Each structure stands twice: as C-alpha cells, then as structure tokens.
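K.L.:
Quick one: the structure is below, and I'll ask about it shortly.
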C-alpha cells in the first residue's frame, strides 16, 4: 500500500499504522485495495490501540493506560501528538481519496513546503509535410515549442471550536470536529478540482474546426466528438462522463427504442456503452455551502480520454498542518483546532476533451 | 505579456557566417524578430566582437520590408484543453537595403528575480526575450528570406488589409503597412 513520502518521514519505522489506517479507510468506503480477511470492527479496534500507542510514542509518555482522557488532554505534548497523528493520517489517505473523486481528469502532484510546481507540456501537433522538388537539399524549417504551466499552492484553512464545558459534559468532541474538518478540506478540494475542469470545458471553442463544445445533445454530435477526442489523443479511447442525470440523455436519435426492466437503462439509469463509447457516472457531490444544491453540473456531458494525460493538475504542498491550542488557553474556556492544507489547481495538458451542454 | 516567437524557415544566414553577428542592446530588451542597426562595436573590454543594437530611425534609413506570404500558426503547448496553436505570420523579405539586423537567439528563458537570474527552468518561448546588456545573436535578413513570427513581434498597427511588415522609426518591432518602405 503506497504511503506518501511525507508520512513515511513523519512515521519513521512506525509506518504500519498509517498503512492500517489507509486499509481501514478503503475498507470503510469499499474502494481501492484492502484486506478482506479481517472484519471492519476488528480493524477499528486494532487501529484505536495502535493510534494510542503512536500518540504516546510521539508525546514521550511511557504509557497512557489508566490515565483519564481529560487529564491526558492537559498534557501539551499529548495534545500536540494527537493532532500530529491525525494530520499524518489525513495525509496518508488524502491523495488517494482525491484521486478517487476527481482522478478521471485530475493529475495529483505532491511536493514539500515551499515548492512551486511546474508541468512541462509537449506539443500535440505533428509537422506538416510538403511535396518538394527533386533538386533541393532542404525544405523550409518547421519548429514546435514546449510550454509550461506553473502552480503556486495556496493555504486553505478551517478552524473548529469546542467549549470546554460541553466537552466535559460529553456533548462535543474535538477529535470528531477535527476529522470532519479534514473531510471538509477533501470535499472542498474535490469541488475546486471539478470547478477548474468545468470552467475550462465550458470555455472550449464552439465553432469551426476547433469545435469541442456543442450545445444540445444529438447522436451524431456525440459520435463526432467522441471520435475527435480519441483521434487527437493519439488513439486513446474516449469515454463520456457526466452525472447520472446528464447521462440518461445519451440515447439514439431515433426515439423508436424499447427497453425492458432488466436493461441497463432501467436498472442503472443510463446506457453503459453507446455508439462505441463507454459511459461513466461522475458521482454527484453536495454543494455543502448551499443546501441542498449539488456541485456537479447536471447539464454537461464531458468526453475525455482517461488514459491520455490528465486535463487538470492538483498540486498538494507539504503535509496537513493541524494547530490545536490547550484546553485552558482561551479566556472563554473554548478550544480550537485549525487545519491547514496548501493546494493549487491549474489546467495543463497535452490532451483534448469535448463537452456537450444540454439545454 | 508574451514576447515574440520567431522561426527562421529559410534564411541565407543559415549558410553564410558573415550574416550572423553577436549583438547587445544597452537600452532595452530585444525580442527575437525585432530589428535594429548594428552601427558600432561595444567598447567594453572583452566585447571586441559584440555589436551595439540601436533602434531603426528615419535618418538612417528604414528600407527593411517583408511581404506577408500567409497567416499560419506555431504549435506552442500552452496546456489548454482546446487549440494550442498561436496565430503567426509567414513573411518574405523583399528589401533590406538599409542593412538592418534581426534578433534570433535560442529560446532558453532567463527568469529574473531581483538581481538573480535563473536559466533553463521555463521552456515556453513566449517568455523569452534577449535581455538588456546581454549578448545575443542577430542575423541580417536577405531578400528572399522566409521567417515566421507571432503577432507579438509586430507593432500596434492592425493588420487589416496590410500586406507588408516594415521597419518603423523609434521601435524595434516591425509594423504592418500597405506598402514596402521606400526610404
């Protein structure tokens, strides 16, 4: 199981716990690779013990057994170690979690703090060949040029707070808030990656030979764009990706079709393969800032080649930082945790893609 | 801001050493495809074969003209999902009786940060210019030479129906004109 280098550096010879956590995360979400011979609840128990040991190791406490949690929480080293471990666990799963959600069109890059990212792009064009006379040594010189896209990541923060009294009363739990903060960061990254992708796609040319954006679905435009994307991506087969609502529009022009209750269309809501092109659902995600809107546009069908170079680059800078103050540090007896993740996004590709916007 | 990108499609300077010179401009950055006089050599020690570039001027003659062969493109991989072709103009030299020269150096971009300079970290030719006070190469366009350059190498005059790119007083860039320069 691949663990990011910054987590390995942090964990030293105790990297196994982060592998266990990643295995647990994949098992919990039923995706990626995980050990199916051990039950989820058994893994949870093992991880709880291992996490406590890891926190004790980092906080230089010989043992934490028998010490009440509220007492442990007053130890600055224990508090620091707890959130250091949470940060490392988030880093262990974040790249994979992001790839799962936006990996079809996003290249995830990781680097250290202070790094900027540059992606060199090779030209996709071929040279134009000309007929020539027989007594001539050279023809006109042709050249092509590489380009570069750079990304300078920016910090994205979230601070959560609990009141001491509510913690003591068992009504609030900072660790739970912290994990939710990490999940929020992942969700925001997913939305940002999608928005970057969608903005670029909706800006594609919609006329002339450059046409890659068509308003309104028809079978012929679908096939035309699918073969254009495949051909210009060096034969890498194109697929259509969209939300389930959008994909249900991919049907033959001739409406004289019938489907039975056992068909793909009735069971999963769209045709899995149409006119030689596979269709794949982009799972909708909630736009949690605007109840109950959804983040992915249900009016767009994207045609991409997943095996060609990705369209969007997501650069993750350094590890997740979590800053937690002491239990009694705030005058109003509250406690804060701030999660910081530095990332940036940019379109940068040698591939082409196309979009059909539904009316 | 992007700088001009030049391709020497077919130029006599490819085969004649004397049509290539080392040059330097002490007053401005000079893009590839910019034109200038090389009237005198640098007097700085160690720059015995470096010529100083000065802007075209009416008094010294502006008879450098190119005719537009056609509008074409250069493939520059800028990372866009859509087209990665930049509009460019193929030009044929029809007159250089004023002996003007044109800048053309390999596009290894120098990134300047404060007083520090870094080479080789950016491959995009649109970020390349020949920096002020640094030695670059220039060639003398000859009648019949064919070059291609992007719009960044041609001045503010709109192309419209103009079919000539000519040397213009007070600027290093060529500019569009209806006719070749007469004087």
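The values are calculated or read from the model by the stated rules, or taken from the named source; none is laboratory data. Fair warning: this is a prediction, and the values are worked out from it, not measured in the lab. Backbone-built Cβ (ideal geometry, glycine too); neighbour counts: all protein chains shown.
K.L.:
Would a scan of the range A:304-314 turn up a residue that is farther than 30 Å from residue A:123 by Cα and in contact with a strand residue (DSSP E or B) (Cβ under 6 Å, 6 or more places away or on another chain)? Full working, then the answer.
P.N.:
Within the range A:304-314, the subset farther than 30 Å from residue A:123 by Cα is none.
No: zero hits.
K.L.:
Name the strands (runs of 3 or more DSSP E) wholly inside the range B:77-123 in which the number of residues that are within 12 Å of another protein chain (Cβ to nearest Cβ) and surrounded by 17 or more Cβ atoms within 10 Å (Cβ to Cβ) is 3 or more. Talk me through it step by step, then tell me what you get.
P.N.:
Numbers: elements: B:85-96, B:101-103, B:110-113, B:116-119.
Where strands (runs of 3 or more DSSP E) fall fully within the range B:77-123 and carry at least 3 residues being within 12 Å of another protein chain (Cβ to nearest Cβ) and surrounded by 17 or more Cβ atoms within 10 Å (Cβ to Cβ), they are B:85-96.
K.L.:
Would you call residue A:55 in a helix (DSSP H, G or I), touching a residue at least 24 places away in the same chain (Cβ under 8 Å) and under 25 Å from residue A:170 (Cβ atoms)?
P.N.:
Spelling it out, residue A:55 is indeed in a helix (DSSP H, G or I), touching a residue at least 24 places away in the same chain (Cβ under 8 Å) and under 25 Å from residue A:170 (Cβ atoms).
K.L.:
Given the structure, is residue A:43 surrounded by 13 or more Cβ atoms within 10 Å (Cβ to Cβ) and touching a helix residue (DSSP H, G or I) at 6+ places or on another chain (Cβ under 6 Å)?
P.N.:
Values: surrounded by 13 or more Cβ atoms within 10 Å (Cβ to Cβ): yes; touching a helix residue (DSSP H, G or I) at 6+ places or on another chain (Cβ under 6 Å): yes.
Yes: the conditions hold for residue A:43.
K.L.:
For the range A:340-359, how many residues meet the condition of being more than 14 Å from chain B (Cβ to nearest Cβ), assigned to a strand (DSSP E or B) and in contact with a helix residue (DSSP H, G or I) (Cβ under 8 Å, 6 or more places away or on another chain)?
P.N.:
Looking only at that region, the number is 4.
The rows are residues; the columns are (1) more than 16 Å from residue A:225 (Cα to Cα); (2) out of contact with any helix residue (DSSP H, G or I) (no Cβ under 6 Å at 6 or more places or on another chain).
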position: A:258; (1), (2): yes, yes
position: A:263; (1), (2): yes, yes
position: A:266; (1), (2): yes, yes
position: A:273; (1), (2): no, yes
position: A:278; (1), (2): no, yes
position: A:281; (1), (2): yes, no
position: A:286; (1), (2): yes, yes
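K.L.:
Scan the range A:329-337 and give yes if some residue there is surrounded by 15 or more Cβ atoms within 10 Å (Cβ to Cβ) and within 14 Å of chain B (Cβ to nearest Cβ), otherwise no.
P.N.:
Within the range A:329-337, not a single residue is surrounded by 15 or more Cβ atoms within 10 Å (Cβ to Cβ) and within 14 Å of chain B (Cβ to nearest Cβ).
K.L.:
Consider residue B:133 against the criteria (1) part of a strand (DSSP E or B); (2) away from chain A (no Cβ under 14 Å); (3) more than 16 Å from the chain's Cα centre (by Cα): it satisfies all of them except one. Which criterion is unmet?
P.N.:
Only one criterion is unmet by residue B:133, namely (1).
K.L.:
Now for a separate question. Which one of A:164, A:185, A:204, A:168 is out of contact with any helix residue (DSSP H, G or I) (no Cβ under 6 Å at 6 or more places or on another chain), more than 12 Å from chain B (Cβ to nearest Cβ) and within 30 Å of residue A:300 (Cα to Cα)? Even if it seems obvious, please write down each step before you answer.
P.N.:
On the way: A:164 fails: within 30 Å of residue A:300 (Cα to Cα); A:204 fails: more than 12 Å from chain B (Cβ to nearest Cβ); A:168 fails: within 30 Å of residue A:300 (Cα to Cα).
The conditions single out A:185.
K.L.:
Filter the range B:70-84 down to residues that are within 20 Å of residue B:7 (Cβ to Cβ) and touching a helix residue (DSSP H, G or I) at 6+ places or on another chain (Cβ under 7 Å), then give me how many there are.
P.N.:
Our first condition is that a residue be within 20 Å of residue B:7 (Cβ to Cβ); within the range B:70-84, this holds for B:70-78, B:83-84.
Of the ones still in play, those that are also touching a helix residue (DSSP H, G or I) at 6+ places or on another chain (Cβ under 7 Å) are B:76.
Total satisfying the criteria: 1.
K.L.:
Something else about it: Quick check on my filter: what residues within the range A:284-305 are within 14 Å of chain B (Cβ to nearest Cβ) and either surrounded by fewer than 22 Cβ atoms within 10 Å (Cβ to Cβ) or closer than 15 Å to residue A:194 by Cα (or both)?
P.N.:
Step one: of the range A:284-305, the residues within 14 Å of chain B (Cβ to nearest Cβ) are A:300, A:302-305.
The answer is A:300, A:302, A:303, A:304.
K.L.:
Same structure, new question: Pairs under 6 Å by beta carbon, first residue surrounded by 14 or more Cβ atoms within 10 Å (Cβ to Cβ) in the range A:260-282, partner at pLDDT 90 or above and assigned to a helix (DSSP H, G or I), six or more apart or different chains?
P.N.:
Filtered contacts from the range A:260-282: A:270/A:247; A:275/A:223; A:277/A:226; A:279/A:247; A:281/A:244.
K.L.:
Pairs please, first residue from the range B:93-114 and at positive phi, second anywhere and part of a loop (DSSP other than H, G, I, E, B) and at pLDDT 95 or above, Cβ atoms under 8 Å, 6+ apart in sequence or on different chains.
P.N.:
From the range B:93-114, the pairs are B:99/B:140.
K.L.:
May I pose another question? Hey, among the residues in the range A:117-147 that are touching a residue at least 40 places away in the same chain (Cβ under 8 Å) and at the interface with another protein chain (Cβ under 10 Å from one of its Cβ atoms), which one's nearest to the chain's Cα centre (by Cα)?
P.N.:
Filtering the range A:117-147 for residues that are touching a residue at least 40 places away in the same chain (Cβ under 8 Å) and at the interface with another protein chain (Cβ under 10 Å from one of its Cβ atoms), the one nearest to the chain's Cα centre (by Cα) comes out as A:119.
K.L.:
Output the residue which, of all residues in the range B:141-171 that are in a loop (DSSP other than H, G, I, E, B) and crowded, with 22+ Cβ neighbours inside 10 Å, is farthest from the other protein chains (Cβ to nearest Cβ). Outline the logic, then answer.
P.N.:
So in the range B:141-171, the residues in a loop (DSSP other than H, G, I, E, B) come out as B:141-145, B:155-163, B:167-171.
Next, from what is left, pick out any that are crowded, with 22+ Cβ neighbours inside 10 Å: B:141, B:145, B:167-168.
On the way: B:141: 15, B:145: 11, B:167: 23, B:168: 26 Å.
So the residue we want is B:168.
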